[in-house]
Amino acid sequence: KIEHKFLHMNLTHRMHRQLFSKFLIRESLIEGNCVAINKVGPATDNRKAYEKNWEGACIPTKNNDGWFYNKRLLDLYRDTPVVAHKNQSIDDNIGGYHHDFIYNSAIYIISETVFDHPYPIFSEKVISALLSNRPFLLIGPANSLKALKERGYKTWDNIIDESYDNISDPNQRMEEIFDLVRKINEKPLDELRQNVLQSKDKLVHNQKLMLENFLKYTKETQ
């Protein structure tokens, strides 16, 4: 089913999400990949109802809630406007726990709720990724992947350079993620398909462990 190299969806405003969206736009990495970027502004014909309901959550194009940026990120923020975009395979079922279109991409790029934060925080986004049967790259606090591994989950250092997870400086970590996404996009699609197949055991392990944790939590709260 894999037709795209990566999947990335961006709805609510966070500065790290806006920077990453601007990076995708500047580098022309949107077309050909499964990307959704939403913004406050005029809606296209097929998005009027959607943006009417979610306008308060979409990315304000002049809103800064981030850290002290280096010059390269400041230039990116200043010079690259956010443009609304949605791959045609992405549905509007916001809040749904499962989407078939996830399987159309080789790598799931997640933008967590926080980025410049002193410790990892995991939301429904990571849960969705762990259940998705796809390797993922996590745009979040330093040591997030380390924290997942400490909880028994497996990551994909055999196919993805995960050294970005160890970088405490948010500017350096963000730019390392940019470089990693460029390298992923440069890989042939067939190679990425094989990477997913090679990760089957890890993906099944993560899905099974997450479901076991769901059952354990449900029993403990009944």
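The values are calculated or read from the model by the stated rules, or taken from the named source; none is laboratory data. Because the structure is predicted, anything quoted here is derived from the model rather than measured. Quick reminder, even Gly has a Cβ in these numbers, built from the backbone with ideal geometry, and neighbours come from all protein chains shown. The protein model used for the area step is the full one, side chains on, heavy atoms only, and it has no ligands, DNA or RNA in it. Shrake-Rupley method; radii C 1.70, N 1.55, O 1.52, S 1.80 Å.
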The simple spin-label model distance between residue 88 and residue 204, using points 7 Å out along Cα→Cβ, in nm, is 3.5 nm
The farthest towards the positive end of the charge dipole of segment 95-214, of the residues 195, 139, 110, given +1 on Cβ of Lys and Arg and -1 on Cβ of Asp and Glu, is 195
In segment 148-222 the accessible area split gives carbon plus sulfur, as whole percent at 1.4 Å, a share of 49 percent
Percent relative contact order for the chain, counting Cα pairs under 8 Å at least six residues apart, stands at 22 percent
Restricting to aspartates and glutamates and to Cα separations under 16 Å from residue 1, and discarding same-chain partners fewer than 8 apart, the set is 100, 190, 191
Where a ≥ b ≥ c are root eigenvalues of the Cα gyration tensor, a/c under 1.5 meaning rounded, otherwise prolate if a/b exceeds b/c and oblate otherwise, the chain counts as rounded
The FRET efficiency for residue 1 and residue 151, from their Cβ-Cβ distance with R0 = 22 Å and rounded to 0.05, is 0.15
Note on segment 131-218: alpha-carbon gyration tensor, axes a ≥ b ≥ c; rule is a/c under 1.5 for rounded, else prolate if a/b larger than b/c, else oblate; result oblate
For residue 167, other-chain or 5+-apart residues with amide H closer than 5 Å (H placed, Pro excluded) are 143
When every protein chain stays in place and a 1.4 Å probe is rolled, 156, 67 sorted by accessible area with the largest first are 67, 156
Counting sequence-distant residues (5 or more places) and residues on other chains, those with an amide H built under 5 Å from that of residue 30 are none
The computed P(r) of segment 62-169 puts the percent of Cα pairs beyond 20 Å at 50 percent
Under a Gaussian network model of the chain whose springs join Cα atoms within less than 10 Å, the largest fluctuation of 165, 179, 116 belongs to 179
Out of 158, 166, 104, a Gaussian network model of the chain with alpha-carbon springs under 10 Å gives the largest mean-square fluctuation to 158
Spelling it out for residue 5: with amide H atoms placed in the peptide plane at 1.01 Å from N, the residues 5 or more places away or on another chain with amide H under 5 Å from its amide H are 34, 106
From highest to lowest solvent-accessible area (probe 1.4 Å; ligands, DNA and RNA excluded), 182, 173 read 182, 173
Links exceeding 19 Å between C-alpha atoms in this model, out of 154/208; 62/125; 149/183; 22/146, come to 62/125; 149/183; 22/146
In order over segment 17-25: 3J(HN,Hα) from phi, Karplus 6.51/-1.76/1.60, θ = phi - 60°, whole Hz, x for each Gly or Pro, gives 5, 5, 4, 5, 4, 5, 4, 4, 5
